Every structure is written in C-alpha cells, then in structure tokens.
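Scroll down for the structure; my scribbles are underneath it.
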Amino acid sequence: MRRLPIYFLIDVSESMVGEPIELVQEGMSSIIKELRTDPYALETVYISIIAFAGKTQKITPLIELSNFYAPKLPIGGGTSLGIALDFLMNDIDTAIQKTTMEQKGDWKPIIFLFTDGNPTDRVDSVFERWNQKYRSKTNLVAISLGDNTDARLLGRITDNVLMLKNTDAESFKKFFKWVTASIKTTSVSVSATSDDGLHLAPITNGYLSKIDLEKYTNSNIDENFAVILGKCQATKRPYLIKYQKRLAPSEFSDFVKNVLEYKLVGAYPIDNNYFDLSEAVKSSKTINTAELNGFPNCPCCGNPYGFSHCGCGNVMCTGEAEVNRCPWCNIEARFSAGTGSLNITRTRG
C-alpha cells in the first residue's frame, strides 16, 4: 500500500508558551482521533511531527495512523525556520519511499507548517534549495497562528499561506477540524483516483483565511511579544514570563492618548529540554522594565517575586527570606525592591 505522508512542522518558540502550545497539543490529538474513524485515512495516512525553535527536533518519525499517538510538544528558544526546513528536506530524502522499477513510492507528502512569528535565522539559501528541489514534489501549507508573521516571507516557499486570525480556543478547534477534513479529502483522492494533488477543505465562517500574496502588506513585524527566561530558586526549573504588546491609555491623556506597553500574559514552567531546542548563541536583545506591565509569582514554587534580577544578568524567583541563592550562578545575595528601571535580556521569541 502506498503511503500518504503528512508532516506537521510546528513552531515551539517561546512566544507559543502557555495557551497557544496547549491548543496545538489538543488539536493534534483531535486530528488523530477523527482520522481514525475514516477508512481511507487509516489505509494511507502516515504522520510525522517535527518541532522547531532555535534548533529542530523530530518528535515522531513517519508512523501509520493506527499506531500514532500525539506526543507532548516542547518549548525552545528562537524561531529558526531555515534550520527547520533544512531538517525537513533531509528527512524527506531518507523517510519517503521513492518509485522504482519494482514498486510505486509514497504519494506526494503534505506539510502543514504552523508558526506564530518570524525567523530568527537566515533563510535565503535554504529557501532556494527548497524551491529548486522539493517544492514541486510536496504540498506545503503554511499557517500563520495570529497576525504576527510575515506572510510574504512564507509565500516565498508556498502559494498556500493561510492565517488563523483569532487564536482563541474556539478558533483553534475549528481550524483543526479544517486540517482534518483536508487530510481526509486528500486520502480519498489518492485512494479513489490516484490524484495526489493538494485538496484542501473549503474555508468557511471567517476564522481562517487564505492570504492574497499579491495584495498582502506586512504591518506587523516582530516585537509583538516580550518573553523573559527565568529560573526557580527552589526547584532549579526554568520558566518563561510572557508579555504581549498592546496600546494602553496614557497617564498624560491630555497630551498623549495611548502608549505602547507590554502587558503580562502569564508565567509558565518549562522543561530543561528547552535548552536542547534553543539556539546556542544567547540573545542580545533587551527590554526596559519600564515597558513591562505586571510581574508574576514564580510558576514553579509560588515564590512571590518571580521577576528578581541577579547581578549575573539572569532572572530568578525570590521569597521572603533575607538572603537568596541564584539558581543560575549559585551566588547568595540580598534582594530588595529597586527604584527606577533597568534593561533585561529577553529571548528571541
């Protein structure tokens, strides 16, 4: 039986922390559950998940649908789309069965690329390799989760660039139903007519839209999130503090109506495999604490101050004790409420 390979190339950078990654996780489970009720999909579909942040990791190799279980998705630092696409091409070379004199190979792979930001690495040479050797041999669908990505950049590697405008739970639910329907339609097509062209399900209700790349102008570039990496003093576990840019009323409303600020979304414990998926070079980007609205408790141990700044330059949590030990540099120090503001290193997002 010829396989229909389905790749999910998923952005797991810091800006996905919290509800977005949880909704993608739930969506992947719903896709598998629904596809297993379809006889055509059970017969043809094989699924692989590749996660990327600063580095890329194959979470699951191509596995037949009946034996596939949606794995837990990690979080990493950076958004190296070029590295991820290079990784995907190499995997296609080794995992996809080619047609020979003795047998017919796999159907044309479908790749669903999910991302909520812009690349933090160089992509030109990788995009050129993709377009020359792989674009015509695959069906790539790039989906912007929210409106913070540069759709024109994604349009350099596929004509199928879509945007999930709202990233609430209901929109994600509808979106993953659409992904499931698209896979079902294609599996029927290859089974019944041997047509492995891209057969996407109709887009309805306005929650998802295909971007007209001829008319598209990118008004949202980077800087939409500020994410800070911290570490728990008690458990030594890392966590991410996530802020989102917004317009807020100015306290000097007679002169300035609105100001830009970053409002706290939440703080989230992460696993140490975050460092395995993060770029080796530490981010040099900073943000001034005066731009940040809200400071969290530690999400790992509950310490009341989850945004304490050590002299080593890193963020940690502190409690009520007079002396605290930094989990980054292991130095004991006294922490107190500061005055003024300072620049804090932020992640690449």
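Details
- For the residues Val161, Val179, Val190, the requirement of being in the same structural domain as Ser80 (by TED's automatic domain parsing), in contact with a Leu (Cβ under 6 Å, 6 or more places away or on another chain) and within 27 Å of Glu214 (Cα to Cα) singles out Val161.
- Taken over segment 46-69, the residue count meeting the criterion of being over 20 Å from Ser187 (Cα atoms) and part of a loop (DSSP other than H, G, I, E, B) is 3.
- The set of residues from segment 113-130 being within 25 Å of Leu164 (Cα to Cα) and not charged (D, E, K, R) comprises Leu113, Phe114, Thr115, Gly117, Asn118, Pro119, Thr120, Val123, Phe127, Trp130.
- When Thr94, Thr79 are checked against the criterion of being modelled with pLDDT under 95 and not in a strand (DSSP E or B), a single residue qualifies: Thr79.
- In segment 274-332, counting only strands (runs of 3 or more DSSP E) that sit wholly within it, the ones holding 3 or more residues that are under 18 Å from Arg348 (Cα atoms) span 286-288.
- Restricting segment 97-110 to residues that are more than 18 Å from Asp195 (Cβ to Cβ) and of a type outside the set (Ser, Thr, Tyr) leaves a set whose member that is surrounded by the most Cβ atoms within 10 Å (Cβ to Cβ) is Gln97.
- Listed by first and then second residue, the pairs with beta-carbon distance under 8 Å, at least 6 apart or on different chains, first residue in segment 17-28 and under 16 Å from Val179 (Cβ atoms), second charged (D, E, K, R), are Pro20/Asp116; Gln25/Lys72; Gly27/Lys173.
- Test: residue in segment 211-232 that is assigned to a loop (DSSP other than H, G, I, E, B) and at pLDDT 90 or above: yes
- Meets criteria (surrounded by fewer than 16 Cβ atoms within 10 Å (Cβ to Cβ) and modelled with pLDDT under 95) for Glu64: no
The values are calculated or read from the model by the stated rules, or taken from the named source; none is laboratory data. Keep in mind that what you see is a predicted model, and the values were worked out from it rather than measured. Don't worry about glycine lacking a Cβ; one is built from the backbone with ideal geometry, like all the others, and counts go over all protein chains shown.
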